[in-house]
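I have placed the structure first, in the form of structure tokens, so that the comments after it can refer back to it.
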Amino acid sequence: MRITILTLFPEMVEPFFRSSIMKRAVDKGIVQYRIIDFRSYAEGVHMKADDLPYGGGAGMVIMPEPLSRALIDAGAEGKRVIFPTPSGKPLTEKYAASLAAEDELFIICGHYEGIDQRVIDTFVTDEITIGDYVLSAGETAALVIIDAFFRLIDGVIAPESLEDESFNDGLLEYPQYTRPPRYCMKDVPDVLLTGHHGHITRWRCMKRLEKTMLNRPDLLSDASLSIDERRTLLSILDSEDKRTCQRWILSEL
Ligand code: ADE
């Protein structure tokens, strides 16, 4: 996978590629990256890359010429080009997996009030949002998107580490514990110390359901739950939730 990042602030992006799991993927040759400062494609003594918005309004807009010159020079025409923006489609694990399957990706980091729409119309294939909030820098959103997909590329992370993660089958992950067995008067749950795989799996399954119910009940309606899991869910719900959910759960039994 080759990733090309187009940015006005390369110093925000570079450290990510030289740290931790991404560094390992780069060192192994699984990921190649280029960081292009598209200000170097601007003209004039001031190398201006942004200007006032037509129609008025606050802030500055990234000009089309320097950015499109950089994109053409980098070979982005006809390729998958991502633009992180609050008005994009939401990033999900499934979306990230579709990006991980590509050989080459381009990512444009916007800044200020955004980029000229004509660049989006000409080059961008994927407008992606990482959540319903506004960041000051497209670079941070770009790094979130890159982090979400590069770890799914074959060879970056051991497949078994990806197996029990949140969102795999529409549920959140179970809680994890490590040594010591007692910390701040809190004990590791007994079942995890028994070595009994069947009981541990059952406990984890219940915790995933509990956690999803508590933090992201919206995920439950799309989760692929077995009949056993639906029964467990029913036993976790309090009586008011039970009444609301009972019809849906029972209809699947
Ligand atoms: N740029 C600024 N805010 C963003 C967001 N929420 N998602 C993607 N890109 C952004």
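Relative contact order for segment 56-202: 25 percent, from Cα pairs under 8 Å spaced at least 6 residues apart, divided by residue count. A protection proxy built from the mean count of other Cβ atoms within 10 Å ranks the segments 156-169, 23-36, most packed first, as 23-36, 156-169. From least to most packed, judged by other beta carbons within 10 angstrom and beginning with the fewest, His199, His111 follow the order His199, His111.
Need one number: % antiparallel among DSSP beta bridges in segment 2-159, to the nearest 5.
15
Between the Cα long axis of helix 64-74 and the first principal axis of the chain there is an angle of about 70°, rounded to the nearest 10. GNM on the chain, alpha-carbon springs under 10 angstrom: the most fluctuating residue among Asp187, Asp51, Asp73 is Asp187. The angle between the Cα long axis of helix 239-252 and the main principal axis of the chain comes to about 80°, on a 0 to 90 degree scale. Rounded to the nearest 10 degrees, the angle from helix 197-215 to the longest Cα principal axis of the chain is 60 degrees.
Each reported figure results from applying straightforward, stated rules to the coordinates on display, with no laboratory input. Not measured: the values here are computed from a predicted model. Positions of Cβ are generated from backbone atoms using ideal geometry, with glycine treated the same way; all protein chains shown enter the neighbour counts.
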